[in-house]
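Accompanying notes for the structure given below.
The values are calculated or read from the model by the stated rules, or taken from the named source; none is laboratory data. These numbers were taken from a predicted model, which means no experiment stands behind them. Cβ sites come from the backbone with ideal geometry, for glycine too, and all protein chains shown count toward neighbours. All accessible areas refer to the heavy atoms of the entire protein, side chains included, with ligands and DNA or RNA removed. Shrake-Rupley method; radii C 1.70, N 1.55, O 1.52, S 1.80 Å.
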Amino acid sequence: MLWNWIALSRFEPMENILNYINGELVAPVSQSFLDNINPATNEVYSYCPDSDERDVQLAYEAAEAAFPIWSEMSTGDRSRIMLKIARLIEENNDALSLAESIDQGKPLWLAKHGEIPRAQSNIHFFATAIEHFASEAHPMGNHALNYTLRTPVGVVACISPWNLPLYLFTWKIAPAIAAGNCVVAKPSEITPMTAYLFSKICMEAGLPKGVLNIVHGLGPKVGSAMVGHPKINTISFTGGTKTGAEIARVAAPMFKKLSLELGGKNPTIIFADCDFEKTVKESVRASFTNQGEICLCGSRIYVERSIYDKFKTAYVTQVAALKIGDPLQDETKVGAIASKVHFDKILSYIELAKEEGGSILTGGKAFVPQGRCENGLFIEPTVIEGLNHLCRTNQEEIFGPVVTLQPFDTEEEVLEYANSTQYGLACSVWTENLGKAHRVSAKIKSGIVWINCWLLRDLRTPFGGVKQSGVGREGGWEALRFFTEAKNVCVKL
Ligand code: NAD
């Protein structure tokens, strides 16, 4: 049970993580497991199934068998089971948060007060949304009546990344099962633990067998078997832009329905007329929450020249004061980087920034804490200035605790900077001038614009990116529409 997990996980290797197929926890067909590493100590602490296409096939068969019963169940009955899952997430917040922190490296308090409650809200939100989901009717005078019949699409694939593991996993699974689909899901092999604990919660909540199947393992083995499966015709993916392109390449000739939530390189635009104190504080949060490993983090900060020096001093002072280290300690603001590969990638970008002529204002290197985390994967929160907006450091996604500062003079200039990358996920704009805020928001090429705030999310709003940040929208009705097929029925009167 979940509860024993805390004692087991902290200091000893625990039982193997298992796949969740047809309502049961099972080892992969290969009987092979991958090391699962705690990034704060850089030690193996559990084992993740190294599944392959045979496990995906078993998961598909279970989902296909469950589909007729689940899809025909009343929305009320589906909703009740999902509400029980949501309740169990809430009741097990402590165990899930600890698992997330150990597996991903994020501060425990962040998991406890942010991500795990949000995973609960995802399930709760779609459990209730499905009770209110309606479709349109289009009468043609007295001649005919059209109505839109929305039916679940069948067996769908949900693939998620490592940065917000349970949060993003449930963000996909919740609308999929609420709409009556059965799911084959894959969490990241870097952070499989909370998906495993979630499967135990689904069992306890009485989710019928086969409705959700979780296959753990590597992307090129498990993920690609899901994407290439001839009978899985709908894929919801969150992850890197390169992986998204590969998924689209495989899925397009098979005419699969795709939702792709991909990378970002988000600008933070700060005008001289902003509320200064609030802007400094919130832009620090927008840069370094979860070690900067949130697709929505602001990593390019553009500051109007007249306040550039004042902003730089205040911002760098606050960044340098962020406590970095053991994710389990309450005062830690910046935890460990999720994996060694990613750690090396971030450090290589800091080197690149120096080669491109950037000056490091604070941070700029790995951090070695004392004590139990001395071998962990930590990088100091890093602020760089002196770079052109078109250099690689400012164009490519780093996805870590690294931001750049650059001054601007006019609205037109900052819009050019902000829109200059291949990405278009999110942006935040800081100004007390309402007209300017609206003007800039309209001209920013991104799926989300926050004005005088960051990461303020209402689950009913459309979520997604433009350009190479993604295709399609999640959230609210958008997600329920994605996971259903619309059929027009025309009745001659
Ligand atoms: P990734 O693309 O490497 O992996 C994401 C998932 O895809 C993992 O489960 C992985 O195993 C799987 N995968 C890898 N290769 C695959 C393949 N060929 N076929 C099918 N599945 C495959 O991404 P990551 O490193 O785990 O996550 C970081 C990236 O995710 C960043 O680029 C970040 O911006 C992005 N992200 C985007 C959003 C968003 O909402 N737009 C949210 C979070 C993270």
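Restricting to the range 332-359, what's the tally of residues that are within 15 Å of the ligand (Cβ to nearest atom), in a helix (DSSP H, G or I) and open to solvent by less than 60 Å² (accessible area, probe 1.4 Å)?
4
Which is open to solvent by less than 30 Å² (accessible area, probe 1.4 Å) and under 19 Å from Gly114 (Cβ atoms), of Thr279, Thr289? Walk me through how you get there before you give the answer.
Values: Thr279 fails: under 19 Å from Gly114 (Cβ atoms).
Residue meeting the stated conditions: Thr289.
So, in the range 307-336, how many residues would count as being closer than 22 Å to Leu405 by Cβ and either in contact with a His (Cβ under 9 Å, 6 or more places away or on another chain) or among the aliphatic types (A, V, I, L, M) (or both)?
Summing the residues that are closer than 22 Å to Leu405 by Cβ and either in contact with a His (Cβ under 9 Å, 6 or more places away or on another chain) or among the aliphatic types (A, V, I, L, M) (or both) in the range 307-336 gives 9.
When the range 168-204 is examined, which residues are found to be more than 9 Å from the ligand (Cβ to nearest atom) and open to solvent by 10 Å² or more (accessible area, probe 1.4 Å)?
The answer is Lys200, Met203, Glu204.
Conditions tested, residue by residue: (1) out of contact with any strand residue (DSSP E or B) (no Cβ under 9 Å at 6 or more places or on another chain); (2) of a type in the set (Gly, Ala, Ser); (3) not in a loop (DSSP other than H, G, I, E, B).
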residue	(1), (2), (3)
Ala62	no, yes, yes
Glu90	yes, no, yes
Leu98	yes, no, yes
Ile102	no, no, yes
Ala119	yes, yes, yes
Asn122	yes, no, yes
Ala127	yes, yes, yes
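In the range 241-265, how many are over 10 Å from Gly470 (Cβ atoms), within 8 Å of the ligand (Cβ to nearest atom) and either among the polar types (S, T, N, Q) or outside any helix (DSSP H, G or I) (or both)?
Count: 1.
Could you count how many residues in the range 266-286 are under 16 Å from the mean Cα position of the chain (by Cα) and part of a helix (DSSP H, G or I)? Spell out how you get there, then give the answer.
Residues of the range 266-286 under 16 Å from the mean Cα position of the chain (by Cα): 266, 286.
Pick out the ones that are also part of a helix (DSSP H, G or I) and you get 286.
Final tally of qualifying residues: 1.
Please go through (1) in a strand (DSSP E or B); (2) open to solvent by less than 10 Å² (accessible area, probe 1.4 Å); (3) in contact (Cβ under 8 Å) with a residue 40 or more places away in the chain; (4) within 14 Å of the ligand (Cβ to nearest atom) for Asn213 and return the number of the only condition it doesn't satisfy.
The number of the failed condition is (4).
Filter the range 452-490 for residues that are in a helix (DSSP H, G or I) and away from the ligand (no atom under 16 Å from the Cβ); which is surrounded by the most Cβ atoms within 10 Å (Cβ to Cβ)? Full working, then the answer.
Applying the first criterion (in a helix (DSSP H, G or I)) to the range 452-490 yields 467-469, 476-482.
When the remaining residues are screened for being away from the ligand (no atom under 16 Å from the Cβ), the result is 477, 480-481.
Values: Trp477: 15, Leu480: 20, Arg481: 17.
Per the stated criteria, the residue is Leu480.
State all residues of the range 397-427 that are surrounded by 16 or more Cβ atoms within 10 Å (Cβ to Cβ), in contact (Cβ under 8 Å) with a residue 60 or more places away in the chain and away from the ligand (no atom under 16 Å from the Cβ); if no residue qualifies, say none.
The answer is Thr404, Leu405, Gln406, Pro407, Phe408, Val414, Tyr417, Ala418.
Please go through (1) of a type outside the set (A, V, I, L, M, F, W, C); (2) crowded, with 18+ Cβ neighbours inside 10 Å; (3) in contact with a Gly (Cβ under 6 Å, 6 or more places away or on another chain) for Gly240 and return the number of the only condition it doesn't satisfy.
If we test Gly240 against (1) of a type outside the set (A, V, I, L, M, F, W, C); (2) crowded, with 18+ Cβ neighbours inside 10 Å; (3) in contact with a Gly (Cβ under 6 Å, 6 or more places away or on another chain), just (2) comes out false.
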